[in-house]
1. Given the peptides 84-95, 47-58, arrange them by the average over their residues of other C-beta atoms within 10 Å, most packed first.
2. Treating only the Cβ atoms of Lys and Arg (+1) and Asp and Glu (-1) as charged, compute the dipole magnitude of region 2-123 about its Cα centre; round to the nearest 20 debye.
3. Multiply the residue separation of Asp30 and Arg53 by 0.36 nm, subtract the distance between their alpha-carbon atoms, and state the gained length in nm to one decimal.
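Bear in mind that the values in this text are calculations on the coordinates, not laboratory data. Just so it is clear, the model here is predicted, and its values are computed rather than measured. Glycine also receives a Cβ, built like all others from the backbone with ideal geometry; neighbour counts cover every protein chain displayed.
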Amino acid sequence: MTRIITNYLLFEITIKIKNAEMLLYKRRPDDAISVLLQARPPLTYRAIKTNIRLFRWAKALEIALKTGKSEFVDIVLWYKTEYLKDFKRNEDDPIFQNLLEKNYILSRDSFLKLKHKLKVNEETIK
């Protein structure tokens, strides 16, 4: 019985993800993000990653800060610093500068472990 419920919930999550991707295709990113965040359980990591893919750094950071989990903030900061390194630019957003001064930047290995952990935790039903 629990396997049936788990399969059903995974199916529901898959539908939410597909709907969000279709909304992105239709150039409605705000609606796509709200679909991901309204899912049960909320697909927070995917919503943050979607904003990062769209280079909407402030929105990604806003979602990460709303969750209250430092892991999400670390992920946003890591992606932003890597993006800036690739283009040989310095951070000019004061909010990001403040957070970068307070936080350390993860190494690539610890970042990949954290990313995998968050992705697996988000997409498995408890």
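1. Those peptides, ordered most packed to least, come out 47-58, 84-95.
2. Charge dipole of region 2-123: 360 debye, to the nearest 20.
3. 6.9 nm
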